[in-house]
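This report concerns only the one structure given below.
The values are calculated or read from the model by the stated rules, or taken from the named source; none is laboratory data. Small disclaimer: the values here were computed from a predicted structure and weren't measured. Note: ideal-geometry Cβ built from the backbone for every residue, glycine included; neighbour counts use all protein chains shown. Each accessible area value is taken on the protein alone, full model and side chains, heavy atoms only, with ligands, DNA and RNA left out. Shrake-Rupley method; radii C 1.70, N 1.55, O 1.52, S 1.80 Å.
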Amino acid sequence: MASRDAVTVAVLGDSVGNDPGEWVSMWAGNLATDRYVFVHHFDWRAERYDPDVEVFPPSGVPRAEPIVVWNFGWPGGTPQRALEHLEVGVPERPDVAVVSFGHNLSPGAVKPQYSALLAGVHQRFGQIPLVTTLAHMTPDVRPGQAEGRVRLLRLLRSQGMGVVDEREVLAGIPSYDAMWDVVHPNVLGYRRIADLVTASLRSPPARVGPRCTSPSPARAKAVAGRTVSSPAGTGTRWTSQIRVTDACGLPLTNAWIRLTVTPTRGRPSTTSTQTDRRGTAPMEVRLGRGIGAVVTGTVTDGTTTVELPRTTLLAR
């Protein structure tokens with residue numbers, strides 16, 4: 001965004017940012033320092049752009065050509081839907097595109113849908129710069145959210161793409177102070193996202209990695225709490241609490257946990273869960289009467305991967 005030439009931006013996303021006054025608008029306001037910024041918002045009901053354009057005048061004397069933002073946000077939107085409506089959603093060749101999904105996808109759909117969208121954008125507009133946001137994590141754990149985030153981060157890294165990580169948008173404040181509901185931020189949350197995107201696009205987006213200056217692999221570890229058993233129908237229910245820290249010794253928040261349960265009789269099974277904002281997660285295993293098991297697994301946020309301590313569950 002450092003160029004003084006006219007710049008066209010496309011934002012492809014879902015209901016987090018599709019309306020005036022949300023993070024895309026706030027970001028546009030941040031950009032209007034020495035130039036006008038015009039934001040076109042997509043009317044998903046009519047499947048066309050609203051004729052009313054949001055205008056952000058420069059805070060000082062205009063010294064650069066305008067920025068035009070096409071905000072192609074669609075409630076419930078996915079990369080697949082954006083690709084299917086790319087012609088109407090991005091009506092002119094952008095100089096940069098920001099891809100911002102993450103709340104309406106199952107983990108298994110992440111790679112095929114994002115890969116198809118990124119290929120479609122490049123096929124239509126050439127090799128324009130593409131930056132993808134890793135969607136903010138909701139205060140309440142949503143099944144598959146951390147797994148989808150890890151899968152997307154791996155895909156983007158494999159293609160050398162820019163990443164804006166929203167995971168820390170809600171850090172340091174009570175869970176719902178920045179949220180309007182369980183998915184959508186309020187004004188404070190949108191302001192935090194806008195400022196994060198502004199800082200990231202003024203310079204190359206930072207690599208997602210440890211959050212301290214002196215990380216140590218020894219600090220990255222998982223500790224299982226006391227395992228408790230209780231009767232459950234014709235078998236036993238085993239529960240424990242897992243606490244995970246990263247290479248900085250900080251809670252490994254919103255990380256994907258993959259557990260493998262190998263019973264003394266029968267086939268191994270695999271389940272997934274995720275850590276919360278405190279870096280903790282419950283572990284629950286149900287076994288039939290007279291069956292024990294060994295539980296192993298890994299925890300990862302896409303950057304730090306930690307082996308879970310091996311847990312042996314005795315037959316009851």
Here, Thr305 and Arg142, labelled 7 Å along Cα→Cβ, have an inter-label distance in nm of 2.6
On the accessible surface of the chain, probed at 1.4 Å with all protein chains in place, carbon and sulfur together account for a percent value of 52
In terms of the charge dipole of the chain, which places +1 on Lys and Arg and -1 on Asp and Glu at the beta carbon, the residue among Gly13, Gln241, Pro309 farthest towards the positive end is Pro309
For the Asn186, Val223 Cβ pair and Förster radius 35 Å, calculated FRET efficiency rounded to 0.05 is 0.50
Rounded to one decimal in nm, the spacing of the 7 Å Cα→Cβ label points at Arg289 and Met161 is 5.3
Distance in Å, no decimals, from the C-alpha centre of the range 297-314 to the one of the range 1-36 is 41
Rounded to the nearest Å, the spacing of the alpha-carbon centers of the range 92-132 and the range 238-264 is 31
Result for the range 1-45: accessible area per residue, probe 1.4 angstrom, in square angstrom, of 36
Of the candidate values (1) 1.28; (2) 0.99; (3) 1.05, the one computed for Rg/Rh (Cα atoms, Kirkwood Rh) from this structure is (3)
Honestly the range 34-187 on the Cα gyration tensor test (a ≥ b ≥ c root eigenvalues; a/c under 1.5 rounded, otherwise a/b vs b/c for prolate or oblate) is just oblate
Expected sort for 187-194, 103-110 on mean C-beta neighbours within 10 Å, highest first, is 187-194, 103-110
What helix-only [θ] at 222 nm does the chain give? Using -39500 (n - 2.57) per DSSP H run of at least 4, over all residues, to the nearest 500, the answer is -6500 deg cm²/dmol
Of 111-123, 261-273, ordering from highest average Cβ density within 10 Å down gives 111-123, 261-273
The chain: relative contact order from alpha carbon pairs under 8 Å, six or more residues apart, as a whole percent, is 14
Computed over the chain: longest principal axis from alpha-carbon atoms vs helix 145-158 long axis, angle to nearest 10 degrees, is 60
Two pseudo-spin positions, 7 Å from Cα along C-beta at Ser272 and at Ala6, lie apart in nanometres by 4.4
Averaged over all viewing directions, the convex hull of the alpha carbons in the range 173-285 casts a projected area in nm² of 11.0
Given 290-296, 217-223, the highest-first ranking by average Cβ count within 10 Å works out to 290-296, 217-223
